[in-house]
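The structure under discussion appears below in the form of C-alpha cells.
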Amino acid sequence: MDYILLIVGLVLLTYGANLLTKGCVGMAARFRVPEFIVGLTVMAVGTSMPELTVSTLSAIGGSSDMAIGNVTGSNLFNTLIILGICAMIRPMVFTKENIRRDIPICIGASMLLVLFALYVGQGISRWQGAIMLALYVAVIWYSIRSAKKDAPDAEAGTDDGKQTEATMGWGKILFFIVVGLAGLIYGGNLCLDSATAIARAWGVSEAIIAITIVAAGTSLPELASSVAAIANGKLSLALGNIIGSNVANILLILGLCGSIKPLTMGGITPLDMWMVVGSAVLLLLSALAIGQRRITRLEGVLYLAIYVAYVVLLMK
C-alpha cells in the first residue's frame, strides 16, 4: 500500500505542478514577460513546487534528511538526468549571459549550501535560512533586471504557445493555480508518509530515499516541461527552467525550511553536497571548454552515466 500511495502522491505532485505552472505562465503571458525570465522565475518556481511542498512538510515534521535530501537529489536529477536527456534530443546551446551570469549564480548557491551545511553549524539554522531567502530575492531581482537589459525587445506571447496562454481567462488561470496547489499539498503529504514508511521497511536511511526516489519524482515537472520546451525549439526556456529550479531549490526552498525549523545533516553526506557543486561546475565546463558553449549529445550520455554511477555508489 505504501508503494501505491507513493505513486499516487507523485502523480498528484506532477499533475498539480503542471496545472500550477500552466496557470502561472498564463498569468505571466498576460503581463508580457520575456521568455527566458518566464523559464528562470515563473516556470522554475512552479515546477519546483513539489520540492517545496515535500521539503517544507518534512522540515515541519522534523525529517531534516528528507528536506535536504530531496533538494540535493532534485538538483542532481535536474542537471545530470534532465539536461542529459534534453541534450540527447537536441544539443543545448548556452548564451553569453548563461556563462557570465546564470551558471555562476547556480554554482554560488551550491557552494553556499556546502558552506552552511558542512562548515557553519552542520546544518541550516534560522538565520542561515533567512540569508538564503534574502539572497534568492536579490538573485531574482538581478536576473530580471539584467535579462531585460540584455534582451529589451524580448516579450512573451510572440510564439504560438505563448499566444494560447495569453488568451487564457483569469478564471481559468485562478482555477489552475488553486487546484494545482491543492494537488501539490495533498500529494506532498502522501509522498512524505509513504517514502518514510518504505525507508523503514527497507532498512534504508530516509536520506537515500529522499535523494533518489522522492527527488526523481518531484523533478518530473521539470523533466516534462524541459523536454516539451526542447521539442518546440525553446532551448532558453528549458535551460532557464533547470538553472532557475536549482537555484530556487537551494535558496528558496531550503531557506524557507531552515527559517521554519533548523535543519540538521542527519544521513546526508559530504559526498552528496559536493556532487551538487560538481554538477553545477560540470555545466560550466561544458559551456566553456568541453562542448564549446553547448552540451552535445555525447555529453548528454556522459551526464546520465555520472548520475547512474552516483546512485550505484550511494546504494552500496
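Remarks
- Looking only at the range 213-230, residues that are under 21 Å from Ile7 (Cβ atoms) and open to solvent by less than 20 Å² (accessible area, probe 1.4 Å) come to 7 in all.
- Residues in the range 271-280 that are aliphatic (A, V, I, L, M) and either surrounded by fewer than 22 Cβ atoms within 10 Å (Cβ to Cβ) or in a loop (DSSP other than H, G, I, E, B) (or both): Leu271, Met273, Val277.
- Filter pass, Trp202 being modelled with pLDDT of 80 or more, surrounded by fewer than 16 Cβ atoms within 10 Å (Cβ to Cβ) and of a type outside the set (Lys, Arg): no
- From the options Glu222, Glu299, residue that is closer than 28 Å to Gly16 by Cα and among the acidic types (Asp, Glu): Glu222
- Listed here are the helices (runs of 4 or more DSSP H) enclosed by the range 1-113 that have at least 2 residues being modelled with pLDDT of 90 or more and under 13 Å from the mean Cα position of the chain (by Cα): 64-76.
- Ile243 vs. criteria open to solvent by less than 10 Å² (accessible area, probe 1.4 Å), under 22 Å from the mean Cα position of the chain (by Cα) and either modelled with pLDDT under 80 or farther than 28 Å from Ile144 by Cβ (or both): no
- Some residue of the range 281-294 being assigned to a helix (DSSP H, G or I), surrounded by 16 or more Cβ atoms within 10 Å (Cβ to Cβ), modelled with pLDDT of 85 or more and in contact with a Pro (Cβ under 8 Å, 6 or more places away or on another chain): yes
- Condition check for Gly258: in contact with a strand residue (DSSP E or B) (Cβ under 9 Å, 6 or more places away or on another chain) and not acidic (Asp, Glu): yes
- Close pairs (7 angstrom Cβ cut-off, 6 or more residues apart or separate chains): under 14 Å from Val11 (Cα atoms) and in contact (Cβ under 8 Å) with a residue 12 or more places away in the chain in the range 187-199, polar (S, T, N, Q) and crowded, with 21+ Cβ neighbours inside 10 Å anywhere: Gly188/Thr53; Leu192/Ser58
- Pairs with Cβ under 9 Å, 6+ apart, first in the range 211-228 and over 19 Å from Ala195 (Cβ atoms), second open to solvent by 30 Å² or more (accessible area, probe 1.4 Å) and not in a helix (DSSP H, G or I): Ala228/Lys234
- Close pairs from the range 120-136: first open to solvent by 10 Å² or more (accessible area, probe 1.4 Å), partner part of a helix (DSSP H, G or I) and among the aliphatic types (A, V, I, L, M), Cβ under 6 Å, at least 6 apart: Leu135/Leu251; Tyr136/Leu251; Tyr136/Leu252
- So Gly233, is it small (Gly, Ala, Ser), open to solvent by 10 Å² or more (accessible area, probe 1.4 Å), outside any helix (DSSP H, G or I) and more than 20 Å from Gly73 (Cβ to Cβ): yes
The values are calculated or read from the model by the stated rules, or taken from the named source; none is laboratory data. Predicted model, so just to flag it, every value in this text is computed and none were measured. Virtual Cβ from ideal backbone geometry, glycine too; neighbours counted across all protein chains shown. Side chains are part of the model used for accessible areas, which takes the heavy atoms of the whole protein and leaves out ligands, DNA and RNA. Shrake-Rupley method; radii C 1.70, N 1.55, O 1.52, S 1.80 Å.
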